[in-house]
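> Quick one: this structure, given as structure tokens, is what I'll be asking you about.
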Amino acid sequence: MSESIEHIECLIIGSGPAGYTAAIYAARADMKPVMYEGLQPGGQLTITTDVENYPGYPDGIMGPVMMDNFKKQAVRLGTDVRFGMVTSVEFTPGGPQKVIVDGSKEISATSVIISTGASAKWLGIPSEARLNGSGVSACAVCDGFFYKGSEVAIVGAGDTACEEASYLSKICSKVYMLVRKSEFRASKAMQHRVMNTPNIEILFNTETDEILGEFAVEAVRVSNNQTGEKREIAIKGFFVAIGHNPNTDIFKPYLDMDESGYIITEKGSSRTNVEGVFCAGDAQDKIYRQAVTAAGTGCMAALDAERWLAAKGD
């Protein structure tokens, strides 16, 4: 191996709860982990305001503050955290794994933990970005609590949208479901659930024109794409549930994935189909997508990598 190529025992690609937790465990196991944080250090929680559902914070905590705490703990224990983005890989069973950072720097890794997460799909309207964290959210389970007793709207037509609308209906006074087409994409069971919930109002053929409010969500202006009729609906929360994109494109030539691009791991583990490559967090979890579950799989990935390295004699 060329002396100019840096070799790393445990490389963590991506940060967030999964990556930082993996780093904490790997550092404590003296695996000398190196982490490349990616384009959004800390992951999706850095664009989240109050986090109320992570254990250990009885008064809640701001998402960016929590991720900074995760990072500080990983660094204190010995993780080499670097700002940079892995732009390509060449995986081979058993390794070492070839990784390119920022398009040019080549490194080699004995073990790799992928924690690149998934990014929510957005509508792409300016007010959505401006009010993100001030009434606009892509996670009803994460943020619905803040709108207890209020009227809210949710965009989407699939199972996730129906599940989140059902969840919101239990804590909010009224839930408007904005469905772009004349029918759902969700399973019949999920359709029946929302249709039979009294405080869910389904608006078919409805698209979002603009989310209204200067500093926080106050209303949404929608239009019927069949009649052209527009209306404003007073709401406090606006939830987008049109899906997520796992950040896994660079791994597609090497790792088994489902039809949506989520990395497939062995049941009950973080192991991928390539020996020595592990995956944690939302890059492999399309069901729960919570900070606490991501952290749990980060722990699993570090323990799996440690045992694999020990078996190799490293």
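The values are calculated or read from the model by the stated rules, or taken from the named source; none is laboratory data. Given the structure is predicted, the values throughout are model-derived calculations rather than measurements. When we count neighbours, we look across all protein chains shown, and the Cβ atoms used for this are built from the backbone with ideal geometry, even at glycine.
> So which of Arg185, Arg193, Arg221 is among the basic types (Lys, Arg), over 15 Å from Ala138 (Cα atoms) and in contact with a Ser or Thr (Cβ under 7 Å, 6 or more places away or on another chain)?
The match here is Arg193.
> What residue, among those in the stretch 273-314 that are β-branched (Val, Ile, Thr) and under 19 Å from the mean Cα position of the chain (by Cα), is surrounded by the most Cβ atoms within 10 Å (Cβ to Cβ)?
Let us first name the residues in the stretch 273-314 that are β-branched (Val, Ile, Thr), namely 274, 277, 287, 292-293, 297.
Going one step further and asking which of them are under 19 Å from the mean Cα position of the chain (by Cα), we end up with 287, 292-293, 297.
Numbers: Ile287: 8, Val292: 14, Thr293: 17, Thr297: 28.
Among those residues, the one meeting the criterion is Thr297.
> Looking only at residues that are surrounded by fewer than 24 Cβ atoms within 10 Å (Cβ to Cβ) and assigned to a loop (DSSP other than H, G, I, E, B) in the stretch 1-35, which one is modelled with the lowest pLDDT?
Here the answer is Met1.
Every residue, every condition in (1) over 15 Å from the mean Cα position of the chain (by Cα); (2) closer than 21 Å to Lys286 by Cα, yes or no:
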position: Thr227; (1), (2): yes, no
position: Ile235; (1), (2): yes, no
position: Val240; (1), (2): no, yes
position: Met257; (1), (2): yes, yes
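> Give all pairs with beta carbons closer than 8 Å in which a residue from the stretch 290-314 that is without any contact (Cβ under 8 Å) to a residue 40 or more places away in the chain meets a residue that is surrounded by fewer than 18 Cβ atoms within 10 Å (Cβ to Cβ) and among the small types (Gly, Ala, Ser); count only pairs at least 6 apart in sequence or on separate chains.
Pairs that qualify, where the first residue is without any contact (Cβ under 8 Å) to a residue 40 or more places away in the chain and the partner is surrounded by fewer than 18 Cβ atoms within 10 Å (Cβ to Cβ) and among the small types (Gly, Ala, Ser), are Met300/Ser269; Asp304/Ser269.
> If a residue must be without any contact (Cβ under 8 Å) to a residue 24 or more places away in the chain, surrounded by 15 or more Cβ atoms within 10 Å (Cβ to Cβ), more than 19 Å from Tyr147 (Cβ to Cβ) and small (Gly, Ala, Ser), how many such residues does the stretch 36-70 contain?
Number of matching residues: 0.
> Name the single residue, out of those in the stretch 228-247 being part of a loop (DSSP other than H, G, I, E, B) and touching a residue at least 12 places away in the same chain (Cβ under 8 Å), that is farthest from Gly43 (Cα to Cα).
Restricting attention to the stretch 228-247, the residues satisfying the condition of being part of a loop (DSSP other than H, G, I, E, B) are 228-229, 235-236, 241-243, 247.
After this cut, where a residue has to be touching a residue at least 12 places away in the same chain (Cβ under 8 Å) as well, the list is 235-236, 241-243, 247.
Details: Ile235: 28, Lys236: 25, Ala241: 18, Ile242: 19, Gly243: 17, Asn247: 11 Å.
Top of the filtered list is Ile235.
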